[in-house]
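**Q** So that we are looking at the same thing, I have put the structure below in structure tokens.
The values are calculated or read from the model by the stated rules, or taken from the named source; none is laboratory data. A quick note: this is a predicted structure, and the numbers were derived from the prediction, not measured. With ideal geometry, Cβ positions are generated from the backbone for all residues, glycine too; neighbour counts draw on all protein chains shown.
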Amino acid sequence: MLLLVAVVSPMLAIAAIPAFAAMMLAGFASSLILAPVPATTGDHIADSTYRNPFSIRPALEFGVVFTVVLLVTRVAKRYMGYSGQMAVSAISGLVDVDAISLTLAGFVQAGTSAARDAVIGLTLAAAVNAIFKSVVAQTSHQPAFYLRLMAGFAIMFAVGAAAIAIVDPTRVTELVNQLHTN
């Protein structure tokens, strides 16, 4: 996400480094700690299906998703302000984080959104995406897998939220106050 955002808005990428670096390090550490011990007897890994990376269909699908996310985010931001931007960030995270990442980067680049607000939106979208993936992982009915996955995600996003609070505690206080007044 950070590399994708950097292409559109280097300023947003720089603002997101503390939170995303903290989440990356926490994710790496938790994966080392939570990784299962490899079994040595007869495990079979499923073959993956090759997909052409230059196929037009995925590009068109992404274009449609990006256009819808951009439109909905602009409308929500215009009529609901910051709350609308955060709501769309969360909802978009259910589907894809790339479209909302590019949208928020575009807002920051155009000067219509503060970088710190976009960082929170990016983190929110990624967290909702992780929650969605955790729910999907539960359908595997393999607790050894999905409990580790959920624990890793929880650690990552707790550390990311802490990094945002440490780097910009004033904004977090403003958000909490805003939630209490609404």
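**Q** Mind checking which residues of segment 102-135 are of a type in the set (Lys, Arg) and either in contact with a helix residue (DSSP H, G or I) (Cβ under 6 Å, 6 or more places away or on another chain) or within 14 Å of residue 11 (Cα to Cα) (or both)?
**A** Within segment 102-135, just 116 meets the criteria.
**Q** For residue 137, indicate whether it is in contact with a Ser or Thr (Cβ under 9 Å, 6 or more places away or on another chain), part of a helix (DSSP H, G or I) and of a type in the set (A, V, I, L, M).
**A** Here the answer is no, as residue 137 does not meet what is asked.
**Q** While we're on this one: Going through 97, 88, 108 one at a time, which residue ends up being among the aliphatic types (A, V, I, L, M) and surrounded by fewer than 22 Cβ atoms within 10 Å (Cβ to Cβ)?
**A** Residue meeting the stated conditions: 97.
**Q** When you look at residue 35, is it closer than 25 Å to residue 108 by Cβ, among the aliphatic types (A, V, I, L, M) and either surrounded by 10 or more Cβ atoms within 10 Å (Cβ to Cβ) or modelled with pLDDT of 75 or more (or both), yes or no?
**A** No: the conditions fail for residue 35.
**Q** Based on what the data block shows, is residue 59 at pLDDT below 90 and either on the phi > 0 side of the Ramachandran plot or touching a helix residue (DSSP H, G or I) at 6+ places or on another chain (Cβ under 7 Å) (or both)?
**A** So residue 59 does not fit the description; no.
**Q** Another question, if that's okay. Search segment 138-152 for residues that are among the hydroxyl-bearing types (Ser, Thr, Tyr) and pair each with any residue that is not in a loop (DSSP other than H, G, I, E, B) when their beta-carbon atoms are under 8 Å apart and the residues are at least 6 apart or on different chains.
**A** That search, which allows pairs on different chains as well, returns 140/146; 146/134; 146/137; 146/138.
**Q** Given (1) in contact (Cβ under 8 Å) with a residue 40 or more places away in the chain; (2) of a type in the set (A, V, I, L, M); (3) farther than 20 Å from residue 7 by Cβ, identify the lone condition not met by residue 108.
**A** Unmet condition: (3).
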